[in-house]
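So the structure is just underneath, and the comments pick up after that.
A short reminder: the numbers here are calculations on the coordinates, not readings from a lab. Since the model is a prediction, treat every value here as computed from it, not as a measurement. With ideal geometry, Cβ positions are generated from the backbone for all residues, glycine too; neighbour counts draw on all protein chains shown.
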Amino acid sequence: MANAIKPAGMHRVRARKIIELSRVILEKYGGDLTWIRDAPLEEARRALLELPGVGEKTADVILVNLGKPTFPVDTHITRISLRLGIARSRNYREIQRAWMNTLTPDPGRYLEVHLKLIQFGRDVCKARNPRCDVCGFKDVCNYYNNIKGRAGQ
Ligand code: SF4
């Protein structure tokens, strides 16, 4: 098991977690989680959050990929949201609500924007040395305009 997931990094820890997760899914649900697809959103989320190692982001990634109306927030999206001023805190639900209130209410659109924001965070709005010079959000970005303001003082 550990060797199979070696390229993902931290393979020994991850292998242990996957085995534990599999054990719980087998014991609790007979190895079958397909019912989640048809369950109401909050019930499905609760069940996923009760599984070991499953946090809000992982649960929402699964749910939005099943076509449910939710928006997963990862570390890139948190950083971009704070820099742009879309959110004022790192609170998962606040950031999620901010994006869901902004976007067309459609799971396909949520997933698309989620993936694009992650790519944007990797390529442009990087944690260190964001590439503001090539970014199309400069005019509306709090982070950039604060830096510019400080540079002009
Ligand atoms: S202007 Fe800079 S900080 Fe703002 S969103 Fe773009 S890359 Fe990120």
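Values as computed for the structure displayed
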| quantity | calculated |
| --- | --- |
| Sorted peptide list for 130-136, 54-60, criterion being average Cβ within 10 angstrom, highest first | 54-60, 130-136 |
| Helix-only mean residue ellipticity at 222 nm for the chain, each DSSP H run of n ≥ 4 adding -39500 (n - 2.57), per residue, nearest 500 | -17500 deg cm²/dmol |
| Protection-proxy order for peptides 61-71, 25-35, each taking the mean of Cβ atoms within 10 Å per residue, highest first | 61-71, 25-35 |
| Estimated inter-spin distance, THR75 and ARG122, nm [label 7 Å along Cα→Cβ] | 1.4 |
| Estimated FRET transfer efficiency (ARG37, LEU115; beta-carbon r; R0 22 Å; 0.05) | 0.60 |
| GNM result for the chain, Cα springs below 10 Å: residue of ILE19, ILE86, ILE95 fluctuating most strongly | ILE19 |
| ILE25-LEU82 FRET efficiency (beta carbon distance; Förster radius 30 Å; 0.05 resolution) | 0.30 |
